[in-house]
1. If each residue's Cβ is checked for other Cβ atoms within 10 Å, how do 195, 295 rank with the fewest at the top?
2. Please pull out the direction-averaged projected area of the chain, using the convex hull of its alpha-carbon atoms, in nm² to one decimal place.
3. For segment 263-300 and segment 15-94, what is the centre-to-centre distance using only Cα atoms, to the nearest Å?
4. Restricting everything to alpha-carbon atoms, can you work out Rg to Rh for segment 211-324 with a Kirkwood hydrodynamic radius?
5. Starting with the fewest neighbours, write out 299, 222, 242, 85 ranked by other beta-carbon atoms found within 10 Å of each beta-carbon.
6. Using only DSSP helix segments of four residues or longer, with each worth -39500 (n - 2.57), what per-residue ellipticity at 222 nm results for the chain after dividing by its residue count and rounding to 500?
7. Given a cut-off of under 8 Å on Cα pairs at least six residues apart, what relative contact order in percent is computed for segment 167-293?
8. Sorted from fewest to most neighbouring beta carbons within 10 Å, what does the list 86, 185, 137, 305 look like?
């Protein structure tokens, strides 16, 4: 049985949801974060609770659940959700995080980074409580931050990590009752702390970025600014940045995705946010899709369901039902 207290999700929702169904938990996780594979050796029932609070592009989600294995596989990556960092703060329990050939043993207080553009696995071998702060990668302006995935950050810089951990541990509970402006300010403070920590570990100034990183950030910004244009293409993006399409493709290969997949993922994220926005409740699904560059309604519906596990109409209906309850 799943009981939704309020809508939640990484693209604009806030609230609490809980379930005793593994299948429902899989849907909750993929909707709140990115498409993931969840498995467990535990016999039913499977108890889990998620509390999410969003502040713009930054989402804080506390997950309390039974032991299980989380996997970000090539198949789930193909279904969308690339281009995000997840900062994890394990508050109770223990586990093992594996990504990019590194393995980190986790215990209470462990602070880590995962990259949704690359495969990873997280084994939580006992009942746990975990805080996840998720945001687009371009918000962390530190070159080579991806080299710190599956690393316990406190082992690299204990002083900075303790400050960041103490601040993050208050979320999402303390953010829930706050106004949107105050919530946004605290979320940016949290991001600043994470940036300072990662920068301190990488021993680099986030302002002094290498040319590759600078180019990628400009491309990310250009894509976000032109998502509504149906003719946004690798050729147009390459021409706008005075590089060849082959060089553009190489830049994205280094992030573990393609230009087209990144554009599609960002468009889907924007559509999902609009579908969950009560201010846009009077707009049709087709108009929201067209607003973000999807010109074919059938293709949009198929792609959306592949990415999020529900059709656009089902997502909107579920959000309305949760709000009414």
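1. Result, fewest neighbours first: 295, 195.
2. Here the figure is 15.9 nm², rounded to one decimal.
3. 24
4. Numbers: Rg = 15.8 Å, Rh = 15.2 Å.
We get a ratio of 1.04 for segment 211-324.
5. Placing the least packed residue first, the sequence is 242, 299, 222, 85.
6. Values: 12 runs with 135 residues, N = 325.
Mean residue ellipticity at 222 nm (helix-derived): -12500 deg cm²/dmol.
7. Details: 55 pairs, mean separation 26.1, N = 127.
Taking the mean separation of contacting Cα pairs over the length of segment 167-293, I get 21 percent.
8. Details: 86 22, 185 13, 137 19, 305 16.
Fewest to most other Cβ atoms nearby, the residues stand as 185, 305, 137, 86.
A short reminder: the numbers here are calculations on the coordinates, not readings from a lab. Note that this is a predicted model, so its numbers are computed, not measured. Every residue, glycine among them, receives a Cβ derived from its backbone with ideal geometry; neighbour counts consider all protein chains shown.
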